[in-house]
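Below you'll find the structure, written out as structure tokens, and then a few comments.
Taken together, the values in this text are just the output of simple stated rules run on the coordinates, not laboratory data. Keep in mind that this is a model prediction, so the values were computed, not measured. Here the Cβ positions follow ideal geometry from the backbone for every residue, glycine too, while neighbour counts run over all protein chains shown.
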Amino acid sequence: MRIAVFGTKGYDRRFLNAANAAHGYELVFLEPRLDPTTVSLAAGCRAVCVFVNDRADAGVLGALASLGVRLVALRCAGFNNVDLVAAERLGIDVVRVPAYSPHAVAEFTIGLMLAVDRHIPRAWSRVRDNNFALDGLIGRNLHGRTVGVVGTGKIGALVARSLKAGFGCTVLASDVVVDPELEAIGVRYVPCETLLTEAEVVTLHCPLTPETRHLIDAAAIERAREGLLIVNTSRGALIDTGALIDGLKSHKIGGVALDVYEQEADLFFEDLSNEIVGDDVFQRLLTFPNVLVTGHQAFLTEEALTAIAETTLASVSDAEAGRPLANRVGTERVAG
Ligand code: NAD
């Protein structure tokens, strides 16, 4: 079977080729993202493999169906870029990788927290310039601090556990579901508003829903503790970036580490170092000495990429053999 792999990066090629040793599919690696102008590249393929910024709307899916494509395999967990209703109408199955390595994201979150709090990127750039002065690099111990974890699912639970058992933080959590194992080690569940008021550090691990959109807004920042440190490796739109910038300018917010950004689809995963970036909000964010931004790389470990590639091709194999699709995303998910 031929599979068109859209938006291919070098690492996709490497890990999909390795996983394909067990299957022997013909993988057609394509650099462009899937959109109305590139969809014809899937001619002759029964499946397409796509990522977070590929566009599988009704028009693109219609074109894929007329080319004979029967499967859209997302090599990620999120599926907001696929019109599931149109896919179902057109008889195209959609599969995803629901969990690949929560450890990858949890560990990166702790890394970001320490890096921004202890000024590690600034220290490194100083040392490279033979500037060994320490002024401006004073951090805080994590031990004994109150950290709020919003969302204690697969990733948030690992972060909460590490902060509580490893670093000796006081850990507050908020979630619609309480994890008794976290409670047993002393994590205290509180309403989200209480968490955002009491925490010295807040780390976000809930999904983006209408309810959680702009969870951190001007009002939340107003109520927060002076010098609040915010870490977001979940979804950019959990934070109102304009309010965040105001909070940084007023010194209410003491530090920010982001792996995700509201308008990241226009920026992330591409080398724009020769371009003029037109996003003034993002550019302003980069000017603060206490802000650290990475380009949606928390998932990027050998283990996670191996799991993504293996799960994706296993789903293709199930579809080809007519077996039930364990990772199928159906229209029942549209409402959520
Ligand atoms: P998960 O589904 O296991 O956990 C999410 C948790 O959030 C659940 O416990 C859920 O009950 C809770 N939740 C739902 N609504 C909530 C609300 N209103 N308030 C508080 N909690 C709420 O998901 P996960 O695998 O732990 O992923 C968490 C987030 O990390 C997702 O948004 C995911 O997209 C993101 N993620 C980012 C990267 C990256 O590379 N940066 C990689 C993978 C996942």
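Of the residues making up the stretch 63-77, just one is in contact (Cβ under 8 Å) with a residue 60 or more places away in the chain, surrounded by fewer than 22 Cβ atoms within 10 Å (Cβ to Cβ) and under 22 Å from Arg13 (Cβ atoms), namely Cys76.
Taken over the stretch 264-287, the criterion of being exposed (fewer than 13 other Cβ atoms within 10 Å of the Cβ) and assigned to a helix (DSSP H, G or I) is satisfied by Asp280, Gln283.
Could you check, for the stretch 113-122, whether at least one of its residues is within 16 Å of the ligand (Cβ to nearest atom) and either in a loop (DSSP other than H, G, I, E, B) or under 30 Å from Phe79 (Cα atoms) (or both)? Yes, because at least one residue in the stretch 113-122 is within 16 Å of the ligand (Cβ to nearest atom) and either in a loop (DSSP other than H, G, I, E, B) or under 30 Å from Phe79 (Cα atoms) (or both). In the stretch 194-221, the residue that is farthest from Asp259 (Cα to Cα) out of those that are in contact (Cβ under 8 Å) with a residue 40 or more places away in the chain and more than 13 Å from the ligand (Cβ to nearest atom) is Glu198.
Within the stretch 189-236, the set of residues being surrounded by fewer than 19 Cβ atoms within 10 Å (Cβ to Cβ), assigned to a helix (DSSP H, G or I) and aliphatic (A, V, I, L, M) comprises Ala218, Ala219. The residues of the stretch 91-109 that are within 22 Å of Arg55 (Cβ to Cβ) and either in a helix (DSSP H, G or I) or more than 9 Å from the ligand (Cβ to nearest atom) (or both), listed by number, are Gly91, Ile92, Asp93, Val94, Val95, Arg96, Val97.
A Cβ distance below 6 Å, combined with a sequence gap of six or more or placement on separate chains, defines the contacts here; from the stretch 222-241, residues that are of a type in the set (Ser, Thr, Tyr) reach residues that are assigned to a loop (DSSP other than H, G, I, E, B) in the pairs Thr233/Asp259; Thr233/Ala298; Ser234/His205; Thr241/Glu262. Scanning the stretch 237-263 for residues that are surrounded by 15 or more Cβ atoms within 10 Å (Cβ to Cβ) and part of a loop (DSSP other than H, G, I, E, B) yields Asp240, Lys252, Asp259, Val260, Tyr261, Glu262. Cβ-Cβ distances below 8 Å connect the following pairs, each with a first residue in the stretch 1-21 that is in contact (Cβ under 8 Å) with a residue 40 or more places away in the chain and of a type in the set (S, T, N, Q), a second residue that is crowded, with 18+ Cβ neighbours inside 10 Å and not in a helix (DSSP H, G or I), and a separation of six or more residues or different chains: Asn20/Leu27.
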